[in-house]
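See below for the structure under consideration.
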Amino acid sequence: MGAAAELRRLAGAALDALLPPRCLSCGTGVDRQGGLCPSCWAGLTFIAAPLCACCGLPFEYAVPGETLCGACIADPPLFARARSVLVYDDASRPLVLGFKHGDRTHAAGPFGAWMARAGADVLAGADLLVPVPLHRWRLFARRYNQSALLALAVARLSGVAAAPDLLVRRRRTRSQGGLDRTGRQRNVAGAFALRPGRADRVAGRTVVLVDDVLTTGATLSECARVLLRAGAARVEVLTLARVIKG
Ligand SMILES: [Zn+2]
Ligand SMILES: [Zn+2]
């Protein structure tokens, strides 16, 4: 065991001594920090191949390697590939929302480990991890950006550098909830920008955008547009969960 891993183990053991470990989703007692109770674990749907080669939508039947889903053929996203760990559903929602709004920031480590595994393909060629930014007022109210915590956790495990402040949200956008695909695209159009003076970090690089949930991909496509315009060679996406319609 390396020194860093040993320190982490000791820190984990110290935390265990202070706080009884709780399930990341429902809060019942579990045997170690960062885990889930058996019933929450059993409810989760982990996304696995076969997948759409672009957006990572799981297919029900085996397909040839580079098969795309209907949505990616009809309206190709600006990012090259997206990969996600979990289906966003009734079982994963409390996990995601507790992390986003409920101060369960200690979940970033375990989530980052899942993301590093599910995103091994996109991380293999990546130069930079960039979280989707919050508007500064929202960041002030919430105190942390859940996507930045995920990007930092994935960076620690994968060795790919993270640039948590590379993108900025120029204006507040209303919540994407309740909007259809077109409404979502319109809501986030022009909402993001590269932080001034950072173009040299992006030019010619493969950038992986990190977010908690992929819904229609409108926000991630808008961030990809900014990065590609700034000269990124390729933009990929890694999220904790994704919505699967129908
Ligand atoms: Zn549980
Ligand atoms: Zn697709």
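The values are calculated or read from the model by the stated rules, or taken from the named source; none is laboratory data. Keep in mind the model is a prediction, meaning the values are calculated, not measured. Because the Cβ atoms are built from the backbone with ideal geometry, glycine has one as well, and the counts that use them run over all protein chains shown. Protein only, heavy atoms only, side chains kept; ligands, DNA and RNA dropped before computing areas. Shrake-Rupley method; radii C 1.70, N 1.55, O 1.52, S 1.80 Å.
So if I take the centroid of the Cα atoms in region 71-130 and the same for region 181-242, what is the distance between those two points in Å? Between the Cα centres of region 71-130 and region 181-242 lies a distance of 14 Å.
Our summary gives region 30-113 a relative contact order of 30 percent, counting only alpha carbon pairs under 8 angstrom and 6 or more residues apart. The share of accessible area on the chain that comes from carbon and sulfur is 56 percent, using a 1.4 angstrom probe. A full extension of the chain between Ala203 and Ser39 corresponds to an added length of 54.5 nm, given 0.36 nm per residue minus the alpha carbon distance. Remark on Leu214: its backbone amide H falls under 5 Å from those of Ala241, Arg242, Val243, a criterion applied only to residues 5 or more positions apart or on other chains, H modelled at 1.01 Å from N.
Averaging the sequence gap over all C-alpha pairs within less than 8 Å and six or more residues apart, then dividing by the number of residues, gives region 69-242 a relative contact order of 32 percent.
For every other residue with a beta carbon closer than 15 angstrom to the beta carbon of Val87, add +1 if it is Lys or Arg and -1 if Asp or Glu, then tell me the sum. My count for the surroundings of Val87 gives 0. Note that the chain presents 50 Å² accessible area per residue, ligands and nucleic acids not counted, probe 1.4 Å. Summarising the strand pairing of region 69-242, around 15 percent of its internal DSSP beta bridges are antiparallel.
Along the chain, counting only GluC sites (Glu not before Pro) with a DSSP assignment other than H, G, I, E or B and at most 16 other Cβ atoms inside a 10 Å radius, the longest segment between sites is 67-246. Set the Cα radius of gyration of region 69-242 against 2.2 N^0.38 Å, with N its number of residues, and you get 0.95.
In the elastic network of the chain, a GNM with C-alpha springs shorter than 10 Å, the most mobile of Ala126, Ala203, Ala141 is Ala141. Remark: accessible surface ordering of Asp89, Asp211, Asp31, Asp103 (largest first) is Asp31, Asp103, Asp89, Asp211, probe radius 1.4 Å. Near the amide H of Cys69, within less than 5 Å, lie the amide hydrogens of Ala53, Cys54, Cys55, all on another chain or at least 5 residues away, with H placed in the peptide plane. With a sphere of radius 11 Å drawn around the Cβ of Val207, what net charge do the other residues whose Cβ falls strictly inside it have (Lys, Arg +1; Asp, Glu -1)? Counting the neighbours of Val207, the net charge comes to +1.
Positive contributions from Lys and Arg (+1) and negative ones from Asp and Glu (-1), summed over other residues with Cβ under 14 Å from the Cβ of Val243, come out at 0.
Under a Gaussian network description of the chain, with springs only between Cα atoms under 10 Å, the residue in Leu24, Leu228, Leu139 that fluctuates furthest is Leu139.
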